[in-house]
Amino acid sequence: MEAIPSIKGRRGRPRRRPDRVQGDRAYHSQPHRDWLRSLGMASDLARRNTEHGSGLGVYRWVIERTLSWLHQSRRLRTRYDRRDDIHESFMSIGMSLICWRFLKNSLC
């Protein structure tokens, strides 16, 4: 959370952190909640031992879907490159292909 870059938006002093954080059941613990609160962020962490249907999945599926599209490329699913810049370049190519396919399908 501390490595999140500034959020671009309105004029003035840029916001450093988001107002609210969503997370799954793995992050539901009092130390996590206290840490987020000390950073000034509200938390939407799903509680353990409760039924599904908290509503977090409504927004989260977009991220899960995009990651599964990225993992269709074997080179991104299993990292073979030692250098970070090469891996990041292939990630950029993969994201560009995802955007291009999405736009191509939505315009047709």
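Pairs are defined by a Cβ separation below 7 Å, a sequence spacing of at least 6 or placement on different chains, a first member in the range 64-88 that is assigned by TED's automatic domain parsing to the domain that holds Trp100 and in contact (Cβ under 8 Å) with a residue 12 or more places away in the chain, and a second member that is surrounded by 11 or more Cβ atoms within 10 Å (Cβ to Cβ) and assigned to a loop (DSSP other than H, G, I, E, B); no pair meets this definition. Residues in the range 1-47 that are in a helix (DSSP H, G or I) and surrounded by 10 or more Cβ atoms within 10 Å (Cβ to Cβ): Arg25, Ala26, Tyr27, His32, Arg33, Asp34, Trp35, Leu36, Arg37. Within the option set Arg16, Arg74, Arg11, being in contact with a Ser or Thr (Cβ under 8 Å, 6 or more places away or on another chain) and either modelled with pLDDT under 80 or farther than 23 Å from Ser96 by Cβ (or both) holds for one residue only, Arg16.
A residue that is modelled with pLDDT of 85 or more and part of a loop (DSSP other than H, G, I, E, B) occurs somewhere in the range 83-105.
The values are calculated or read from the model by the stated rules, or taken from the named source; none is laboratory data. Just so it is clear, the model here is predicted, and its values are computed rather than measured. With ideal geometry, Cβ positions are generated from the backbone for all residues, glycine too; neighbour counts draw on all protein chains shown.
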